[in-house]
Amino acid sequence: MNEMVLTRALYRGSLFVVALLALVLLGLQLKWVLLQVFAAAIIAAGMAPMVNALTGPRRSVARQWRPPPALVVLVIWVALGLVLLVISSILLRLMLDQATLLAQRAPEFAAKLNDWHMYAVNRWSVLQQIDPWDELGGTSALAQWLLNATSQVLNLAGLMVALFGGVLNVIFVLFIALYLTVDGRSMRDYLLVFLPVTRRERARRILANISSRLGQWILGQLIVCVIVGIGAGVALALIGVPGASLMALIWAVCVVIPGIGPFLSAAPTILLGFVAGPTTGVIATIFALVWSQLENNVFIPRVMGHVVKLNEMVVLVSVLVGYELLGLAGALFAVPLAAALAVVVDELHHERLLDEQGT
């Protein structure tokens, strides 16, 4: 009898291990599709409170009518689209203004760069032996050489294919998010049918907590964007960097991009600082380096840890692990994924405590 029980246990354990390995391999093959579905779930979780507030039960008798969820979601999407359109138009106008300013001051900046180069060559004679400036023909020839090198590196056809693929991915994510927002409950109830009756309520509670955590992650991202953007704008305005408002928007947007976000925001900040003058450029460089470190090591882990209810070290480690596994996309979705796993772990720990108290 014991041998039969042991054989069944080994058989079930082997099936479980094989099924788990098959799921892992399937997940690795479909990792980008799963990331897109996860991104859609995050968007749907962020919109869920607004949809529930507008479509939930009414306490007042005079307000018994409830709009259909599809109509509410459509109105919210249109409103968000209008807000993004207004923000994009403002950002585009600021970029055009700053581009015009840079174009007007480009000769002045090139002259300063040439003066600094001549001063360095005259100051340190060793540079005269390794100076490539004369071979390039000065600033204009260097700019032309950079343009030619850039045109050789960039492939227009490949760029168009990448842009088209990116647009399709965005449309796919938005479509899935729309479906999850409108019909997420019925899909959840359908999936819960495959679980035992005694486990359905627990699974429903876990999914609700995960949805709440994902919505909190979106709130945390917005808080970090506001803190980084306002702080950068005020500091750069005090330093005297031209286009401080534009730089504030760039810092606020790039903070969402893990890894290269600080570089994308620091590079134009330093460039505009040196356009304003050498002293301003040095101060802007120091600010960009310090602010980038504060952004990555203070603002993001503290705000995310507090809002998403995760330890700061867990936030940092999850971002590093996500970046190592899936690059920028993995680092971007590492924190919400860690928050979802934390919900499951908390639920298992809570059940274990209840079992220990029962015994």
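Points 7 angstrom from Cα along the Cβ direction at residue 289 and residue 222: gap in nanometres?
Result for the modelled spin labels: 3.6 nm.
Which order do the peptides 186-197, 220-231, 239-250 come out in when sorted by mean C-beta neighbours inside 10 angstrom, highest first?
Peptide ranking by packing, descending: 239-250, 220-231, 186-197.
Pop the C-beta distance of residue 22 and residue 245 into the FRET formula with R0 = 45 Å and round what comes out to the nearest 0.05.
Once the sixth-power term is evaluated, E becomes 0.25.
Treating the Cα atoms of segment 209-359 as identical point scatterers in vacuum, please give the log10 of the normalised Debye intensity I(q)/I(0) at q = 0.08, 0.22 Å⁻¹, two decimals.
Per q value, in the given order, log10 I(q)/I(0) is -0.29, -1.25.
List the chymotrypsin sites (Phe, Trp or Tyr not before Pro) within segment 283-350 that DSSP assigns to loop and that have no more than 11 neighbouring Cβ atoms inside 10 Å.
none
Highest mean first, how do 83-92, 205-214 rank when packing is the count of other Cβ atoms within 10 Å averaged over residues?
In descending order of packing, they fall as 205-214, 83-92.
On a full-extension model of 0.36 nm per residue, what is the gain between residue 96 and residue 186, subtracting their alpha-carbon distance, rounded to one decimal in nm?
Result for the pair: 27.7 nm of gain on full extension.
Put a dot 7 Å past each Cα toward the Cβ at residue 328 and residue 260; how far apart are the dots in nm?
So the two model labels end up 0.4 nm from each other.
Could you work out how much longer the chain between residue 87 and residue 7 gets when fully extended? Use 0.36 nm per residue separation minus the Cα distance between them, nm to one decimal.
Gain on stretching residue 87 to residue 7: 22.3 nm.
FRET efficiency for residue 194 and residue 267, Cβ-Cβ distance as r, R0 = 45 Å, nearest 0.05?
Step by step, r from the Cβ atoms, then E = 0.30.
Please identify which residues in segment 167-206 have an amide N closer than 18 Å to a label point set 7 Å out from the Cα of residue 349, following the Cα→Cβ vector.
Correct set: 206.
Using alpha carbons only, how many angstrom separate the centre of segment 293-309 from the centre of segment 204-218?
If you average the Cα positions of each part, the centres end up 19 Å apart.
Read-outs throughout are calculated quantities, based only on the coordinates presented, and are distinct from any laboratory measurement. Keep in mind that this is a model prediction, so the values were computed, not measured. Because the Cβ atoms are built from the backbone with ideal geometry, glycine has one as well, and the counts that use them run over all protein chains shown.
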